[in-house]
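Colleague: My structure is below; once you've seen it, I'll send some questions.
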Amino acid sequence: KGAQNSSYIPIELCFVEEWQIVDRSLMSTEQNAEKSKRSILLPEVRFNKTMAIAAERNFNNDPYLKHLSMTIDTSEMLQVKGRVLEPPNIVYRNNRIVSVTIGKWLMKGNLLQQTTRVHKWEMILVKDGKREPGHMDMQKLDEFCNMLPETTRRYGIQMNPHFDTKIISPHQIRQCIYDLHANGGEFGLFVLIGDCPDSYQTIKRCALQEFGIITLCCDLGSIRKQNNPGKLNAYIENIAQKMNARLGGINSTVSFKKIFVDQPKTNGDVFMFIGADVSHVVVSERKPSIAAVVASVSPTSTQYICRSSEQRPLKDKKYSLEVIKDFQPMTRDLLHVFVQTNKQYPTKIVVYRDGVDEGHFQKLLDNEVQALKNACIEVYGNRPLPKITFVVIKKSHNSRFFAPNGQRITNMAAGTVIDTTIVHPRQFDFYLNSHAGALGTNVCSYYHVLYNEIEFTSDELQQLTFWLCHTDVRCTKAVKCPAAARYAHTVAYHSRYFEKEPYQSSSSSSQHQTNRDTSGQDEDDLTLEDIKSNLIMVNKNVKNMMWFT
């Protein structure tokens, strides 16, 4: 197309080739939603389809399997035993305790534990240029604006009920954020009208990097869907939780003391939880990988801060490395902030590392675990060093679990753990289904403990991991993996749109890397010297805040 000798064929004579890779960037929000909706299979449907495919394939007549003397029992699925762990109690202000039921709990009638006061804020409507907000849209927005301060006040957040409302175009975003900052604004609530992915990226980049303002973006379509006061109230409740966390508040807490009630040696221990992830696209000089590290900085393990960096291949090669190159300087910085905030040093550090295949386990032990130890040596000096446990989380796997419930097949209950039969016979690994399945068949997370200096027992680590899945500030339900790992994934996603600058203190600067030839190298032979990294900075005003929730 576009060349001088281009040939054009009538669309009526064309057909769509099956199994093509779809460029998701060309799909609209509605198309993505529809694709996800169509791919959802209820547990019973998926179970029956799996059994039908196994019978249809007729594995036991396969000549290759016969040659290997292998047979497959397709009459029934493998049965394994599981245990359902006890959920935690959620603690709100004044020690009000809320119980978790089927992976969820209600916040109604409770005040958030520690709240903020917002003196000056603005609501900014960003139109995409394709259409103007209609009369019904403005009515819904008026209802939303009136309910927001009132609803947040019920949960203890003091928002000034008098605020400015602006309607702007995408090219006015930077100026609008500059004005908000110049006038002493503390918070900006942006409502995006239409499909505005570029506007969202511009808002985050200008607010977080350039001016240091906490923002929150809503979609007019989502507000419009809340077609009764109850639904709109629930939507604003979710906004209130995110806003309070971003501005430095604490929504709720979970006490972990009950897990270690039989371990007197844990008295006086100070825990620090770290989540780490590396996000990849088609990695090249133009599109780097993004590494993110998130760590708790409060004794309640509900407040987190983050650091991130980009990892680019040398020259313009197309390869990626799963190991985080700047793990040592990033964790060192996070440890410094923890000590400054709490006036004490963590005695135990638990790391949840997301998205690593088994082939990279040794690299993590050689690089990231050692990097964390080196960071501790730098920060602690002559003090006793903390004990470390390093856990890898795998969410993309092909294991599916079904629970028979009478004549029906359902998802496993929230809190189900499986650590026998299908796990490694000698190593420390387990499957944990921490969340209740709302749609389709649950995919539980697989945890593999690479390093256990703390000497957690299976029961202790499984219970701790399950309870950490209840600490995500963005919702009132258990999530798929511990909050720190989820935050790291979110940071890696957001950081892709930020400006970058070199890590001044990194011991592995790009000056040492330029002469190494990586052409024809296998991915397993790649080292940290084949990657150059840059620190991703945000404004000092928000650097140690939960802007990523």
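Colleague: Quick one: I236 ticks every box in (1) open to solvent by less than 30 Å² (accessible area, probe 1.4 Å); (2) assigned by the TED database to the domain that holds Q139; (3) at pLDDT below 90 except a single one, so which number is it?
Modeller: (3)
Colleague: Restricting to segment 194-230, name every residue that is open to solvent by 20 Å² or more (accessible area, probe 1.4 Å) and in contact with a Ser or Thr (Cβ under 7 Å, 6 or more places away or on another chain).
Modeller: Within segment 194-230, D195 is the sole residue that qualifies.
Colleague: Would you pick out the residues in segment 374-399 that are open to solvent by 30 Å² or more (accessible area, probe 1.4 Å), assigned to a loop (DSSP other than H, G, I, E, B) and in contact with a strand residue (DSSP E or B) (Cβ under 6 Å, 6 or more places away or on another chain)? It would help to see each step written out before you state the result.
Modeller: Narrowing segment 374-399 to residues open to solvent by 30 Å² or more (accessible area, probe 1.4 Å): 374, 377-378, 381-385, 387, 394-396, 398-399.
Checking the rest, the ones that are also assigned to a loop (DSSP other than H, G, I, E, B) come to 381-385, 395-396, 398-399.
Hit for segment 374-399 is K395, nothing else.
Colleague: Could you run through segment 447-472 and say how many residues are open to solvent by 30 Å² or more (accessible area, probe 1.4 Å), touching a strand residue (DSSP E or B) at 6+ places or on another chain (Cβ under 6 Å) and either of a type in the set (K, R) or closer than 19 Å to I422 by Cα (or both)?
Modeller: 1
Colleague: OK, next. Out of everything in segment 426-446 that is open to solvent by less than 10 Å² (accessible area, probe 1.4 Å) and among the small types (G, A, S), what residue ends up being farthest from Q462 (Cα to Cα)?
Modeller: Ranking the candidates gives G440 first.
Colleague: Hey, could you check segment 279-298 for residues that are more than 30 Å from S252 (Cβ to Cβ) and β-branched (V, I, T) and say which is modelled with the highest pLDDT?
Modeller: Among those residues, the one meeting the criterion is V281.
Colleague: Determine, yes or no, whether I173 is in contact with a strand residue (DSSP E or B) (Cβ under 6 Å, 6 or more places away or on another chain) and either in contact (Cβ under 8 Å) with a residue 12 or more places away in the chain or not polar (S, T, N, Q) (or both). First the steps, then the outcome.
Modeller: Numbers: in contact with a strand residue (DSSP E or B) (Cβ under 6 Å, 6 or more places away or on another chain): no; either in contact (Cβ under 8 Å) with a residue 12 or more places away in the chain or not polar (S, T, N, Q) (or both): yes.
Judged against the criteria, I173 is not a match.
Colleague: On to the next question. Restricting the search to segment 342-370, which residues are outside any loop (DSSP other than H, G, I, E, B) and either among the hydrophobic types (A, V, I, L, M, F, W, C) or not assigned by the TED database to the domain that holds L385 (or both)?
Modeller: I349, V350, V351, F361, L364, L365, V369 - these are the residues of segment 342-370 that are outside any loop (DSSP other than H, G, I, E, B) and either among the hydrophobic types (A, V, I, L, M, F, W, C) or not assigned by the TED database to the domain that holds L385 (or both).
Colleague: So which residues in segment 23-57 are exposed (fewer than 10 other Cβ atoms within 10 Å of the Cβ) and either of a type outside the set (D, E) or more than 30 Å from P197 (Cα to Cα) (or both), if there are any at all? Walk me through how you get there before you give the answer.
Modeller: Kept after step one, since they are exposed (fewer than 10 other Cβ atoms within 10 Å of the Cβ), are these residues of segment 23-57: 23-26, 28, 38-39, 56.
Once the filter is applied, which keeps residues that are exposed (fewer than 10 other Cβ atoms within 10 Å of the Cβ) and either of a type outside the set (D, E) or more than 30 Å from P197 (Cα to Cα) (or both), segment 23-57 yields R24, S25, L26, S28, R38, S39, E56.
Colleague: Suppose we filter segment 400-418 for residues that are surrounded by fewer than 20 Cβ atoms within 10 Å (Cβ to Cβ) and in a strand (DSSP E or B); how many remain?
Modeller: 6
Colleague: Step by step: first the residues of segment 136-165, then only those that are of a type in the set (K, R) and closer than 21 Å to T116 by Cα, then the one that is surrounded by the fewest Cβ atoms within 10 Å (Cβ to Cβ). Which residue is that?
Modeller: The residue in question is R153.
Conditions (1) in the same structural domain as K387 (by the TED database); (2) at pLDDT 95 or above; (3) of a type outside the set (A, V, I, L, M), marked per residue:
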position	(1), (2), (3)
N411	yes, no, yes
T416	yes, yes, yes
D429	yes, yes, yes
H435	yes, no, yes
A438	yes, no, no
N452	yes, yes, yes
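Colleague: Now for a different question. On the basis of being farther than 27 Å from N541 by Cβ and open to solvent by less than 80 Å² (accessible area, probe 1.4 Å), does I168 make the cut?
Modeller: no
Colleague: Going through M27, M51 one at a time, which residue ends up being at pLDDT below 85 and not small (G, A, S)?
Modeller: On the way: M51 fails: at pLDDT below 85.
Matching residue, one of M27, M51: M27.
Colleague: Now for a different question. Which number in (1) of a type outside the set (S, T, Y); (2) within 19 Å of L220 (Cβ to Cβ); (3) open to solvent by 60 Å² or more (accessible area, probe 1.4 Å) marks the one condition that Q175 misses?
Modeller: (2) is the only condition that Q175 fails.
Colleague: Being of a type outside the set (K, R), over 25 Å from N433 (Cα atoms) and at pLDDT below 95 narrows it down to one of N60, N89, so name that one.
Modeller: After applying the criteria, what remains is N60.
Colleague: Hey, could you check segment 178-193 for residues that are open to solvent by 40 Å² or more (accessible area, probe 1.4 Å) and touching a residue at least 40 places away in the same chain (Cβ under 8 Å) and say which is nearest to M243 (Cα to Cα)?
Modeller: E186
The values are calculated or read from the model by the stated rules, or taken from the named source; none is laboratory data. Predicted model, so just to flag it, every value in this text is computed and none were measured. When we count neighbours, we look across all protein chains shown, and the Cβ atoms used for this are built from the backbone with ideal geometry, even at glycine. When the accessible area is computed, the model is the full protein with side chains, heavy atoms only, and any ligands, DNA or RNA have been set aside. Shrake-Rupley method; radii C 1.70, N 1.55, O 1.52, S 1.80 Å.
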